[in-house]
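Notes to accompany the following structure.
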Amino acid sequence: MSLSIIILAAGKGSRMKSAIPKIMHPLAGKALLEHVIDTAQGLAPQSIAVVCGNGAEQVLPLLDTHAITSVMQPEQLGTGHAVMQAESVFADSEQVLVLYGDVPLTQLTTLTALLSCGNTQSLRILTTQLDDPTGYGRIVRNDKGNVVCITEQKDADEATLAIQEVNSGIMVLPAKWLKQSLAKLSNNNAQGEYYLTDMVALAVADGLAINTVCCDDNAEVAGVNTRQQLAALERHYQQLQANTLMENGVTLADPSRIDVRGTLVTGTDITLDINIIIEGNVTIADNVRIGANCIIKDSIIGKGSIILPNSMIDSSQVGENVNIGPFARLRPGTVLADNAKIGNFVETKNANIGEGSKVNHLSYIGDTEMGKNVNIGAGTITCNYDGANKHRTTIGDNVFIGSDSQLVAPVTVAAGATIGAGTTLRKDAPELALTLTKSVQKTIEGWARPTKIKK
Ligand code: UD1
Ligand code: MG
């Protein structure tokens with residue numbers, strides 16, 4: 001049963017009032033269209049084609065990254081006209097599934113159910129029941145309950161407007177029949193458009209069976225037309241993510257205050273405080289505790305680690321029983337071994353911090369190789385950049401660096417070395433010795449503080 005999928009995405013989305021095409025607006029960190037593409041790919045079809053029009057230049061790079069065919073619809077003359085543009089793509093398949101680029105949350109299981117009802121020669125429609133069906137095409141049935149046509153809001157009379165079963169827009173059609181019948185569509189309707197929905201009446205006339213699957217969850221078939229609808233779907237999606245996390249053994253201080261914009265893999269007995277944002281691919285192991293207002297992107301957090309409030313972790317690996325924050329910033333390439341500690345107002349980047357090592361306060365550690373059980377005093381800076389190139393700092397096991405020191409890279413502090421407070425280290429420090437840059441302390445007797453001049 002070969003399947004082609006056509007995603008309609010040429011519309012303007014004028015109600016978004018945006019220079020970005022509607023389908024490129026993100027939901028949970030991913031373009032609306034990308035949600036649809038991912039779901040479509042889940043069905044392993046023979047081909048996927050996206051019908052592009054408005055803002056195509058912004059859409060094509062996304063299609064390239066997914067190796068998906070685009071077809072152009074320079075003028076948007078209706079959903080039927082959009083499908084006509086994709087004819088060559090679905091010509092040699094058996095059935096065609098039509099999806100909308102602005103309906104992001106349809107589940108794979110729902111589409112599978114739609115595809116498996118009826119047979120490949122029937123026309124299948126995903127419908128839903130709405131309390132307020134305004135704006136949608138109505139599913140019109142005869143007194144036997146069989147679908148006879150879909151009537152658009154603008155073409156409907158009073159009785160039809162009262163129908164609450166609506167067309168989601170998602171449809172499966174036999175490919176060969178579709179190809180022959182598209183030519184019969186006319187634009188003789190209230191909007192002067194070629195409606196794909198008119199295929200239903202044509203199918204009835206041709207004696208095709210019409211099957212419907214009614215989707216209980218309105219969010220799965222909800223389209224985004226306004227920023228309000230986008231925000232509502234985002235909240236719905238986040239609520240689903242929160243539910244899944246809790247079902248998997250994660251405690252959330254407030255399920256309405258977590259945002260997962262990507263994929264979060266969790267162990268059990270994890271506690272997440274409020275306003276945590278997860279981006280990209282994040283893994284959090286058992287017994288991790290994360291405080292309020294943390295942002296974690298593309299990182300792995302090991303068992304039992306504690307991340308205190310207002311910390312940011314990006315593209316980093318955190319070992320087991322590590323303590324981070326509050327107000328820590330782990331930039332890409334940070335690797336913290338087990339039992340390490342990164343305290344407040346510490347920034348790290350491209351740094352390996354060894355087991356049990358501590359960078360407790362107000363430091364910048366970049367391009368650094370650090371051994372075990374190192375203690376970095378407050379205000380220590382690795383001066384990794386000479387204005388043109390980046391250089392590495394190497395710190396051996398059991399090193400102690402006094403507060404307010406600058407390590408001017410490239411430089412090595414050998415194992416067991418102690419660096420005196422306030423040192424500017426420009427040459428390597430030998431092992432097991434005290435190295436410091438001495439500045440002589442002096443006292444000026446009888447010196448008076450300046451006083452404010454009276455005006
Ligand atoms: C359409 C359906 C309606 C259904 C509703 C569900 C038709 C005629 N009507 O109405 O029955 O209840 O969706 O949301 O099909 N598009 C193109 N090219 C075009 C026109 C549209 O690519 O020329 C795309 C849009 O970008 C959008 C989708 O098709 O992704 C639907 O178009 P839209 O104008 O929103 O259709 P509706 O009037 O909402
Ligand atoms: Mg619409």
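Mean sequence separation of contacting Cα pairs (under 8 Å, at least six apart), scaled by the length of the chain, corresponds to a relative contact order of 8 percent. Relative contact order, whole percent, for the stretch 227-435 stands at 9, derived from Cα pairs under 8 Å and 6 or more residues apart.
Taking 23 Å as the cut-off for C-alpha to C-alpha distance, list the pairs among Lys297/Lys372; Lys341/Lys427; Lys12/Lys154; Lys303/Lys341 that go past it. Violating the 23 Å Cα-Cα cut-off are Lys297/Lys372; Lys341/Lys427.
Here the dipole of the stretch 3-221 is about 220 debye; that uses its Cα centre as origin and unit charges on the Cβ of Lys and Arg (positive) and Asp and Glu (negative).
Taking only the Cα atoms of the chain, the ratio Rg/Rh comes out at 1.18, with Rh defined as the Kirkwood radius.
Each eigenvalue of the Cα gyration tensor of the stretch 3-221, multiplied by 5 and square-rooted, gives one semi-axis; in descending order these are 25, 20, 18 Å.
Once the Cα atoms are used to define both axes, helix 227-247 deviates from the longest principal axis of the chain by about 70 degrees.
Rolling a 1.4 Å probe over the heavy atoms of the protein chains gives the chain an accessible area of 48 Å² per residue. Averaging over all projection directions, the Cα-based convex hull of the stretch 17-87 occupies 5.3 nm² in the image plane.
Taken along its principal axes, the alpha carbon cloud of the stretch 328-396 reaches lengths of 35, 21, 20 Å, longest axis first.
Measure nothing fancy, just the Cα-based angle from helix 56-65's long axis to the longest principal axis of the chain, in degrees from 0 to 90, nearest 10. The helix 56-65 is inclined about 70 degrees to the chain. Hydrodynamic analysis of the stretch 92-154 uses the Kirkwood radius over alpha carbon pairs. Inserted into Stokes-Einstein at 4 °C and 1.567 mPa s, it gives a translational diffusion coefficient of 93 µm²/s. Here the stretch 227-435 has 50 percent of its accessible surface on carbon and sulfur atoms, given a 1.4 Å probe and all protein chains in place. Coupling constants for the stretch 317-323 follow from the phi torsions by the Karplus curve (6.51 cos²θ - 1.76 cosθ + 1.60, θ = phi - 60°), and in residue order they are 10, 10, x, 8, 6, 8, 10 Hz; glycine and proline get x. Which of the listed residues, Leu43, Leu33, Ile365, is farthest toward the dipole's positive end in the chain, when Lys, Arg count +1 and Asp, Glu count -1 at the beta-carbon? It is Ile365, whose Cα lies furthest towards the positive end. Panel note: the C-alpha atoms of the stretch 53-96, placed on their principal axes, show extents of 30, 25, 12 Å (largest first).
Averaging 1/r across all pairs of distinct Cα atoms in the stretch 276-357 and inverting the result yields a Kirkwood radius of 11.8 Å.
Protein heavy-atom surface of the stretch 3-221, 1.4 angstrom probe: 48% of the accessible area is carbon and sulfur, with nucleic acids and ligands not counted.
Pairs of alpha carbons in the stretch 194-304 separated by more than 23 Å make up 45% of all such pairs. Selection among Gln95, Leu407, Ser70 by position relative to the dipole of the chain gives Leu407 as farthest towards the positive end (Cβ unit charges, Cα centre). Relative to the longest principal Cα axis of the chain, at what angle does helix 32-42 sit, 0 to 90 degrees, rounded to 10? With rounding to tens, the tilt is 80 degrees.
In order along the stretch 278-285, the Karplus-derived 3J(HN,Hα) couplings, from 6.51 cos²θ - 1.76 cosθ + 1.60 at θ = phi - 60°, round to 10, 10, x, 9, 10, 10, 10, 7 Hz, and Gly and Pro are given as x. Computed from point charges on the beta carbon alone (+1 for Lys and Arg, -1 for Asp and Glu), the dipole magnitude for the stretch 108-218 about its Cα centre is near 600 Debye. Take every pair of alpha-carbon atoms less than 8 Å apart whose residues are at least six positions apart; their mean separation over the length of the stretch 16-76 yields a relative contact order of 31 percent. Once the C-beta distance of Trp447 and Asn389 is scaled by a Förster radius of 51 Å, the resulting FRET efficiency is 0.70 to the nearest 0.05. The Stokes-Einstein estimate for the stretch 227-435, based on a Kirkwood radius over Cα pairs and taken at 10 °C with 1.306 mPa s viscosity, is a diffusion coefficient of 90 µm²/s.
If you place +1 on the Cβ of every Lys and Arg, -1 on the Cβ of every Asp and Glu, and leave all else neutral, what size is the dipole of the stretch 227-435 about its Cα centre, to the nearest 20 Debye? Spell out each step's value before the answer.
Working: 17 positive and 21 negative charges, 83 e Å.
Rounded to the nearest 20 debye, it is 400 debye.
The values are calculated or read from the model by the stated rules, or taken from the named source; none is laboratory data. All of these numbers come straight from a predicted model, not from anything done at the bench. All Cβ positions, glycine included, derive from the backbone under ideal geometry; neighbour counts span all protein chains shown. What goes into the accessible areas is simple: the full protein's heavy atoms, side chains included, and nothing from ligands, DNA or RNA. Shrake-Rupley method; radii C 1.70, N 1.55, O 1.52, S 1.80 Å.
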